[in-house]
Each structure stands twice: as structure tokens, then as C-alpha cells.
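Some notes on the structure that comes next.
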Amino acid sequence: MQSTFDPSRRVARQAFAAAALAFAAAGASTASAATVTVATLNNPDMIELKKLSPAFEQANPDIKLNWVVLEENVLRQRATTDIATNSGQFDVMMIGTYEAPQWGKRGWITPMTNLPANYDLDDVVKSAREGLSYNGTLYALPFYVESSMTYYRKDLFAAKGLKMPDQPTYAQIAQFADKLTDKANGVYGICLRGKAGWGENMAYVTTLVNTYGGRWFDEKWNAQLTTPEWKKAVTFYVDLLKKDGPPGASSNGFNENLTLMSSGKCAMWIDATVAAGMLYNKKQSQVADKIGFAAAPVQATPNGSHWLWSWALAIPKSSKQQDAAKKFITWATSKDYINLVAKDEGWASVPPGTRQSTYKNADYQQAAPFSAFVLKAIETADPSKPSAKPVPYTGVQFVGIPEFQSFGTVVGQSISGALAGQMSVDQALAAGNAAAQRAVRQAGYQK
């Protein structure tokens with residue numbers, strides 16, 4: 001019997017084939033989704049970024065984010081190793097104003113050019129852009145920008161009849177710390193960074209040395225760590241923390257001191273301006289309604305008394321996901337992301353220091369009474385004049401040369417050792433001076 005043609009069967013076969021092709025295409029699309037590996041810091045602002053990142057993935061279903069969240073010293077070590085060996089382990093790195101110009105100069109990271117028009121680069125604070133540029137080319141986008149300032153407990157000051165000046169001196173800070181220390185009740189007069197690291201304890205200690213009139217090197221690149229200015233500053237720091245600081249201060253970095261301050265254990269804390277939003281956030285701080293603020297202290301000179309730093313997002317040249325990585329970092333540093341944080345945590349907790357529009361926002365001004373103060377601190381920090389005496393380098397709390405990462409770490413370890421009672425201040429500074437001198441001599445800075 002001869003079969004007859006059934007058009008309905010043909011239509012069914014075509015529909016089945018089309019569905020199969022669509023399914024295969026969908027599978028291929030899922031398989032080809034770009035995975036962007038992000039190496040970032042374990043600070044609260046970056047934890048918030050990870051928390052909110054599903055919003056980016058939902059808007060960009062062809063991009064998946066893989067997070068590597070690390071402690072500061074570990075992040076720096078792994079990022080530097082990855083970038084120097086061109087291994088391509090990370091697609092996005094959180095780096096700072098120390099690394100961005102140097103790595104950009106060496107061609108290790110991708111220039112941040114041809115950004116979307118709605119990114120509004122002109123809205124980004126000028127000092128932030130300049131700090132992340134080399135020869136006029138921007139190499140990273142700022143996630144937040146900070147200087148340093150003094151935080152204090154208004155209630156504890158009032159109880160003792162004390163008044164914090166708008167611009168305290170270190171002599172005044174020491175007097176306040178003595179009067180406010182109440183170890184029986186677990187309250188310490190002062191909290192400061194003690195954890196070893198060129199970006200941990202040395203970020204703070206360098207500003208202390210600067211305002212005491214010291215510098216890392218003279219104009220001919222001779223190390224200056226054994227000078228009277230360094231000895232006075234570091235002796236003051238060690239004595240102050242031993243007398244009025246918390247136990248185990250040599251192990252405390254930014255995060256540890258933030259926890260101490262926000263839980264009511266510190267009467268004063270001198271550290272990054274970025275902490276202001278965290279200390280004023282009632283979800284994160286038990287003393288949110290008791291925090292006062294003042295400028296970072298000065299002593300012999302205002303030069304270099306407050307630092308300038310940006311945590312920023314950069315793309316290694318070795319990344320195989322350049323376009324996807326760029327899409328992510330433009331989102332993470334955008335006005336839209338700042339609004340997203342405001343909705344989630346409140347305006348006081350948005351990433352500070354990056355955008356002029358944030359500081360002009362009435363909601364931010366109301367939620368963050370420190371906003372104008374912080375912006376002024378950022379804009380007045382001068383990396384070109386970090387000391388009263390002339391220097392051959394740029395950088396307030398670091399020396400802007402590749403070798404600093406190495407000898408800065410050695411000096412940080414020595415000073416942390418002095419704080420822990422493992423060596424004297426003189427021994428710590430002698431060891432640090434030798435390391436700094438050796439590094440610049442071997443690198444050919446001394447002529």
C-alpha cells in the first residue's frame with residue numbers, strides 16, 4: 001500500500017528540530033558564560049560588594065563571578081605574584097594608589113579607557129583619578145578613597161570633662177589616652193594599628209613619622225630611619241600603646257581595631273576615614289550615636305599627617321576575560337552601585353571618596369555628618385610633600401617605588417616586634433634602616 005504525504009508530521013519534525021537546536025544553543029551559551037575571578041579584600045565595604053554582586057549577574061547572565069576574599073597582606077602578596085608572573089589567575093584585582101601607577105607603567109594592567117558615557121568619569125574625584133594614573137592614563141577605577149582621621153567617644157570625653165580640638169596634637173592625644181584608659185572596665189585610651197605590613201602598621205606609623213618631621217629618605221636616597229625624628233615618633237607610638245592600648249596591639253590591623261572601636265572598647269582611634277561610615281552605622285556599631293571625629297593629629301608639622309589611599313579595581317593584562325571584567329568593575333564603581341548600597345545599608349555606608357555626586361547628595365549629607373570633613377581630608381593630603389623636609393619620592397604613607405613593598409614589610413615587622421617587646425626601638429629602626437638602605441642601593445637610586 002502506497003503511503004500518503006502527511007504535512008502535519010513534517011511540521012512536527014521541524015518543530016522538534018528547532019526545539020533541539022534552541023536547547024543546544026542554550027546549553028552552549030551557559031557553557032560559554034565568562035567566569036570572572038575577583039581577588040578582593042576582606043574589609044566590610046568589599047564584603048558588601050560581594051553580597052550585592054548577584055544584581056550584576058542577573059543583569060549580565062553571560063557573566064559569572066568567582067570571589068577570592070583575602071586578608072590585606074595576603075591579597076597584596078598573591079596579587080603581586082600573579083601580576084609579576086603573568087599567570088592570569090585573577091581577572092579583577094583590588095589594588096591601590098601604590099600599585100596602579102607602577103603596574104600601569106610596566107604594562108601589567110589594562111588602561112581604563114573607552115568607558116561607557118553613563119559612567120561619568122568627570123564625576124570621579126580628581127585626586128582619586130590622578131592617584132591611579134600614570135602619564136595621564138587611568139589604570140584602575142576607585143572603589144573607595146580614604147584619608148585618615150581621629151575618632152573618639154563623645155560620652156567618655158564628656159564624663160571626664162575633656163574636649164577634643166578640631167586639630168589635636170599628639171601631645172594632647174597622649175594626655176587624653178592617659179585619662180580615658182579604664183582597663184578594669186575593658187576600655188582602652190587609644191587603639192592604633194600594630195599588625196606588621198607596609199600597608200598595615202606602616203601606613204599609620206609613616207604619617208606619625210611625617211608629622212614629627214621625619215622622612216624615609218633624604219634627597220640623595222640615604223635611609224633616614226635612625227634619625228631623631230624617627231626615634232621620637234616610634235618611641236611615642238610604642239610607649240602610648242603599651243600604656244593605654246589594648247592587649248595584643250601588635251596583632252591588630254584595621255579590621256581588628258574597627259571591631260574594638262565599634263564594640264565600645266576604644267576611647268580614641270586614629271585610622272582611615274572609610275571607617276566613619278561603619279562606626280556611624282547602627283547595624284554595625286554599638287556606639288554609633290556616641291562617635292565624634294577630628295583631624296588626624298599633628299606634632300612638629302602638618303605635612304604628611306594624614307594619608308591618601310584608594311582601594312581600586314584593576315584588570316591584569318593576563319586576564320582572558322577583559323570585556324567581562326571591565327563590565328563588572330564599571331558597575332562596581334558606578335553611581336548605580338552607590339545607590340544600591342544606600343538602599344541596602346543606608347547612605348552613611350556607601351563607598352566614600354570617589355564621586356562628587358555622592359557628596360552633593362542631600363541624603364548622604366544628612367546621614368553622614370562627617371562627609372564634608374572627609375572630602376576635605378582627601379583633597380588636602382599632598383603625596384608630593386609628605387614631610388617638612390624635601391624627599392625624592394611621592395606618597396604620604398608609602399614610598400612610591402617598586403622596592404618599597406619589600407623593605408616596607410621588613411620595617412613593619414621590626415616595629416611590630418618592638419611593640420611586642422621582642423626588641424628595642426633602636427634595634428627595630430637600625431634593622432629597618434639597613435633594609436631600606438640596601439634596597440635602594442641595589443636598585444641604583446643612590447648616585
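What follows draws every value from the coordinates through simple rules; no lab data is involved. All of these numbers come straight from a predicted model, not from anything done at the bench. Positions of Cβ are generated from backbone atoms using ideal geometry, with glycine treated the same way; all protein chains shown enter the neighbour counts.
Tabulated data
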quantity	calculated
Phi-based couplings in Hz for the range 231-243 (Karplus 6.51, -1.76, 1.60; Gly and Pro marked x)	5, 4, 5, 6, 5, 4, 4, 5, 4, 4, 5, 5, 7
Whole-angstrom gap from the range 339-366 to the range 168-198, using each part's C-alpha centre	30 Å
Relative compactness, the chain, computed as alpha-carbon Rg over 2.2 N^0.38 Å	1.14
Relative contact order, percent, the range 60-178 [alpha-carbon distance under 8 Å, six or more residues apart]	17 percent
Nonlocal amide H pairs with Val145, under 5 Å, H built at 1.01 Å	Gly353, Thr354
Computed magnitude of the charge dipole of the chain (debye, nearest 20; Cβ of K, R +1, Cβ of D, E -1)	300 debye
Sequence-distant residues sharing a close amide H with Val187 (under 5 Å, placed H)	Asp182
Using a Förster distance of 56 Å, the FRET efficiency for Ser87-Lys163 (Cβ separation, nearest 0.05)	0.55
Largest to smallest principal axis extent of the C-alpha atoms in the range 105-189, angstrom	57, 29, 24
Separation of the Gln77 and Ser251 label points, Cα + 7 Å toward Cβ, nm	1.7 nm
Bins of 5 Å from zero: percent of alpha-carbon pairs in the range 47-174	2, 8, 13, 15, 16, 14, 10, 7, 7, 6, 3, 1, 0
Mean Cα-pair separation over length for the chain, i.e. relative contact order, pairs under 8 Å, 6 or more apart, %	23 percent
Karplus-derived HN-Hα couplings along the range 340-347 (A = 6.51, B = -1.76, C = 1.60, θ = phi - 60°), whole Hz, x at Gly and Pro	5, 5, 4, 5, 7, 10, x, 5
Bins of 10 Å from zero: percent of alpha-carbon pairs in the range 266-373	12, 36, 31, 17, 4, 0
Contact order normalised by residue count of the range 77-135, Cα under 8 Å, 6+ apart, percent	39 percent
Residue-averaged 222 nm ellipticity for the chain, from DSSP H runs of 4+ at -39500 (n - 2.57), nearest 500	-13500 deg cm²/dmol
Cα convex hull volume per residue for the range 363-447 (Å³)	149 Å³
Phi-based couplings in Hz for the range 130-138 (Karplus 6.51, -1.76, 1.60; Gly and Pro marked x)	5, x, 10, 10, 9, 6, x, 9, 7
Rg/Rh for the range 154-233, where both radii come from Cα atoms and Rh is the Kirkwood radius	1.08
Amide H contacts of Leu41 (H built 1.01 Å from N, under 5 Å, at least 5 apart or other chain)	Leu70
